[in-house]
Amino acid sequence: MKCNICGNIASIKLDYANLRLCNLHFVNYFKRRIKRTIEKYKLINPGDKILIAVSGGKDSLTLLNILSELREDINFYLEGITIDLGIEEYSNKYIKIVKENYEKFKVEYKIISLKDELGFTISEIIKSMKRRRPCSICGAIKRYMLNKLAYEWGFNKLATGHNLDDLLYILLRSYIRGDYKQALKLYPLLPGNDRLVTRIRPLAEIPESDIILYSRIKGINFLKEKCPYSKGSKGFTYRKLLDMLEQESPSSKLSMLRSFYNIYKPALESYYLKRPIKLKYCKSCGMPTSNEICSVCKIIARVQRR
Ligand code: Q46
Ligand code: ZN
Ligand code: ZN
């Protein structure tokens with residue numbers, strides 16, 4: 001098997017693109033695709049102040065590596081944020097890994113303790129709200145904290161490592177639940193408004209399998225261990241389904257996402273790009289919400305009452 005670019009021995013076979021590549025040309029191809037996503041969806045402009053959310057997993061660390069290399073070319077400021085969720089040993093492990101990577105890629109960073117910010121760790125919150133799914137509570141709190149801190153610290157963009165498989169999983173789940181509003185949030189760029197910071201997903205068109213290959217070739221040390229609360233999550237089944245589809249018909253993952261963008265482009269544009277989003281502000285914390293009190297303030301009030 002020979003590399004399609006240089007003719008040397010190829011170590012990687014990308015069926016979806018009908019390409020055989022050596023490590024060097026795979027790395028170039030991978031970076032070029034991310035740059036193309038950034039340009040196509042206008043994710044980054046010169047002078048941007050970007051806060052990147054880093055969890056210690058392969059996606060966010062790969063994005064940290066790529067953005068750290070692009071910051072001089074495009075001329076933007078990059079800083080990392082990691083939330084110490086207080087999930088016992090698991091949090092200690094990812095904090096150690098993110099610190100190593102921030103230093104390796106020379107990116108300024110802040111580690112924020114949820115206990116210090118909200119008064120409770122994720123483990124304490126999950127234990128006192130047994131009836132709700134752990135990841136839906138944790139996800140809401142993480143989104144809230146990232147937006148709040150990015151806003152308070154004066155960043156104009158918040159970057160996350162969501163990849164193609166993550167977005168398709170959300171798409172499939174929102175389709176099954178009939179939650180079209182959730183599906184509309186799948187665009188690689190979600191424009192902000194006042195206290196809602198613009199969110200960008202430069203890995204939106206990159207399959208998870210390519211991120212694993214890239215992080216291995218580049219020697220990125222990421223946390224392989226799963227969060228103890230991820231057990232029983234439906235995500236695994238949906239992702240297995242998507243992998244089966246891709247195996248049977250290579251490139252179906254990317255086609256699915258692109259067709260979704262094409263079909264829903266008018267809806268996506270009117271929802272996010274043209275019509276200004278009318279926001280209310282939480283009476284308790286002042287952050288954007290669709291209700292009087294935001295969901296995180298409600299969660300914290302419930303935990304405090306117990
Ligand atoms: S940290 Fe939180 Fe994840 Fe753990 S509780 Fe679920 S959402 S799995 S990425
Ligand atoms: Zn090559
Ligand atoms: Zn609030």
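The values are calculated or read from the model by the stated rules, or taken from the named source; none is laboratory data. Computed from a prediction, not measured in an experiment: that's the story for all the values here. All Cβ positions, even for glycine, are placed from backbone atoms using ideal geometry, and neighbour counts span all protein chains on display.
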Is it the case that some residue within the range 78-98 is within 22 Å of the chain's Cα centre (by Cα), β-branched (V, I, T) and either part of a loop (DSSP other than H, G, I, E, B) or within 30 Å of L245 (Cβ to Cβ) (or both)? yes
In the range 13-23, is there at least one residue being surrounded by fewer than 19 Cβ atoms within 10 Å (Cβ to Cβ), closer than 30 Å to K110 by Cα, in contact (Cβ under 8 Å) with a residue 40 or more places away in the chain and within 16 Å of ligand 2 (Cβ to nearest atom)? no
Which one is nearest to H25 (Cα to Cα) among residues in the range 208-223 that are away from ligand 1 (no atom under 14 Å from the Cβ) and out of contact with any Phe, Trp or Tyr (no Cβ under 9 Å at 6 or more places or on another chain)? K218
Those residues of the range 222-248 which are farther than 28 Å from R258 by Cβ and surrounded by 15 or more Cβ atoms within 10 Å (Cβ to Cβ), in sequence order: L223, C227, Y229
Restricting attention to the range 225-243, the residues that are at pLDDT 85 or above and not in a helix (DSSP H, G or I) number exactly 3
Return the pair list, or none, for Cβ contacts closer than 8 Å from residues in the range 219-232 that are closer than 15 Å to E88 by Cα to residues that are surrounded by fewer than 14 Cβ atoms within 10 Å (Cβ to Cβ), at least 6 apart or on different chains. P228/E88
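Within the range 1-12, can you find the residues that are near ligand 2 (Cβ under 8 Å from one of its atoms) and touching a helix residue (DSSP H, G or I) at 6+ places or on another chain (Cβ under 7 Å)?
Listed by number, the residues that qualify are C3, I5, C6.
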Among the residues listed as D116, D84, D48, the single one being in contact (Cβ under 8 Å) with a residue 40 or more places away in the chain and either farther than 22 Å from D210 by Cβ or surrounded by fewer than 20 Cβ atoms within 10 Å (Cβ to Cβ) (or both): D48
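The rows are residues; the columns are (1) within 16 Å of ligand 3 (Cβ to nearest atom); (2) part of a helix (DSSP H, G or I); (3) surrounded by 21 or more Cβ atoms within 10 Å (Cβ to Cβ).
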site	(1), (2), (3)
R131	no, no, no
S136	no, yes, no
K142	yes, yes, no
M145	yes, yes, no
Y151	yes, yes, no
G161	no, no, yes
L172	no, yes, no
Between K31, K49, which is in contact with a strand residue (DSSP E or B) (Cβ under 8 Å, 6 or more places away or on another chain), among the basic types (K, R) and at negative phi? K49
Quick check: anything in the range 219-237 among the hydrophobic types (A, V, I, L, M, F, W, C) and more than 30 Å from E152 (Cα to Cα)? yes
Quick check on K283: is it outside any helix (DSSP H, G or I) and farther than 23 Å from L167 by Cα? yes
